[in-house]
Each structure stands twice: as C-alpha cells, then as structure tokens.
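Written below as structure tokens is the structure these notes are about.
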Amino acid sequence: VIVTTRMMIPAQAQAIATSHDALKPVEEPLRACLVELRLMVDSLEPANGDLGSVLGSLRPRISRRLAHAGVDIHWQIDDLPPIPDLGPRQVLDIARVVQEAITNALKHSSCRTITVLARLTRHPDGIEVVVEDNGRGLAEPAGKGHGVTSMRRRAAALGGSLEVGDASPGTPVTLHLPVPRAANT
C-alpha cells in the first residue's frame, strides 16, 4: 500500500478505501471521520434559533447511514419556537446527542425502525428531542458506557437534561431543552 501526502477531497478518499481490499479496515473509520467533519461544518452555519433546521441538516446523512444498515427512519419535527443563543457550540452538542442516540440504537438494539421527534413539552418551557428505536430494549441499565455519559454532559451544557427510558421493546432517549417563556410566545 502506497500512501501519498497529497490532499484528497473526502469523496476521493472514501472511493479509494472502498476500491482497494487492503484499505477495507479503514473504510468505516474514514466514513465516521467524514460524518464528524460534515457535522462540525454544518454547526457553523447560522441557525437563527431554528432547531428544525438543525435537525433537518442531519436528516440526509442519518437517513443514508440507516438505509445502508436496513433500518427505516421516521421524522416528526413539530413547529417549534426559536431557541435564543443557538450558536455553533449548541448546534454541535444537539447534533452529537442525536447522532449518539442513533449510533447506540444501531449497535445495541437490533431495531428495524428509529423515530426522531422534536416537540414542545407538556409544560410550555421546553422542547424535547426524542430518538426512539423499536429494538429489544435495554439489556442492562443505561449509563454504563461513555456514550450516555457524554450525551448527559452535552445536555447539561445546553441547560437541559437527558433521559434514557428502559421500555421494551424499544428504548427512548429524550433530550430536554429549556426555552425561555419569551421565546414561546
């Protein structure tokens, strides 16, 4: 295998990894790096407080990944009030929580469907983003791995919280985000 130092655009790098048997072991890590790079670039776009747009930018990437895995995805994004101060860091934290919840469902649940919901909570001061699979549920208590710990830390940085349900079948992961009353009117 010859490695050169010339710059390749991501599509070229991915094409090379998939076309050479010797590079198969780096194919998935390369895809993961590309997803992460795209996620960071997307987070730099002005969100103007619009969580629906933030989630909408994730949809094509997540949908392609799930289609490749044979998993259906359903999206339900309600009309949501703007979230003040929704800057690049907050956008990236929200995107990573959703991404990690989906990754966990793919790795651990044997699901056939994942649903992503974003809606106002029953009380008027918040939004919840729910990622729920229809898989086998949790075999062990939530929070054992680094993924859930990282999601909880990101939720706290957003001023919110994370709840991992233990329903079976399926596991709901809910990101609760506060929205000041002024933003709800």
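Of the residues that sit in the range 129-141 and are more than 13 Å from the chain's Cα centre (by Cα) and open to solvent by 40 Å² or more (accessible area, probe 1.4 Å), which one is modelled with the lowest pLDDT?
Among them, the one singled out is P141.
If I ask for residues that are open to solvent by 70 Å² or more (accessible area, probe 1.4 Å) and either assigned to a helix (DSSP H, G or I) or of a type in the set (F, W, Y) (or both), which ones from the range 68-100 would you list?
Correct list: H68, R89.
What number of residues within the range 150-181 are out of contact with any helix residue (DSSP H, G or I) (no Cβ under 8 Å at 6 or more places or on another chain), without any contact (Cβ under 8 Å) to a residue 40 or more places away in the chain and at negative phi?
10
So which of L30, L55 is surrounded by 12 or more Cβ atoms within 10 Å (Cβ to Cβ) and either among the small types (G, A, S) or modelled with pLDDT of 85 or more (or both)?
Being surrounded by 12 or more Cβ atoms within 10 Å (Cβ to Cβ) and either among the small types (G, A, S) or modelled with pLDDT of 85 or more (or both) holds for just one of L30, L55, which is L55.
Just checking, does the range 82-91 include any residue being in contact with a Ser or Thr (Cβ under 8 Å, 6 or more places away or on another chain) and among the acidic types (D, E)?
Within the range 82-91, none of the residues are in contact with a Ser or Thr (Cβ under 8 Å, 6 or more places away or on another chain) and among the acidic types (D, E).
Across the range 101-128, what is the number of residues that are open to solvent by 30 Å² or more (accessible area, probe 1.4 Å), farther than 24 Å from R65 by Cβ and assigned to a strand (DSSP E or B)?
Of the residues in the range 101-128, 1 are open to solvent by 30 Å² or more (accessible area, probe 1.4 Å), farther than 24 Å from R65 by Cβ and assigned to a strand (DSSP E or B).
Only one residue in D85, D42, D125 is in contact with a helix residue (DSSP H, G or I) (Cβ under 7 Å, 6 or more places away or on another chain), of a type outside the set (S, T, N, Q), at pLDDT below 90 and within 19 Å of V179 (Cα to Cα), so which one is that?
Testing whether each residue is in contact with a helix residue (DSSP H, G or I) (Cβ under 7 Å, 6 or more places away or on another chain), of a type outside the set (S, T, N, Q), at pLDDT below 90 and within 19 Å of V179 (Cα to Cα) leaves just D125.
The values are calculated or read from the model by the stated rules, or taken from the named source; none is laboratory data. It should be emphasised that the depicted structure is a prediction, and the values quoted were computed from it without experimental measurement. Neighbour counts run over all protein chains shown; Cβ positions are idealised from the backbone, glycine included. Ligands, DNA and RNA are excluded from the accessible area calculation, which covers all protein heavy atoms including side chains. Shrake-Rupley method; radii C 1.70, N 1.55, O 1.52, S 1.80 Å.
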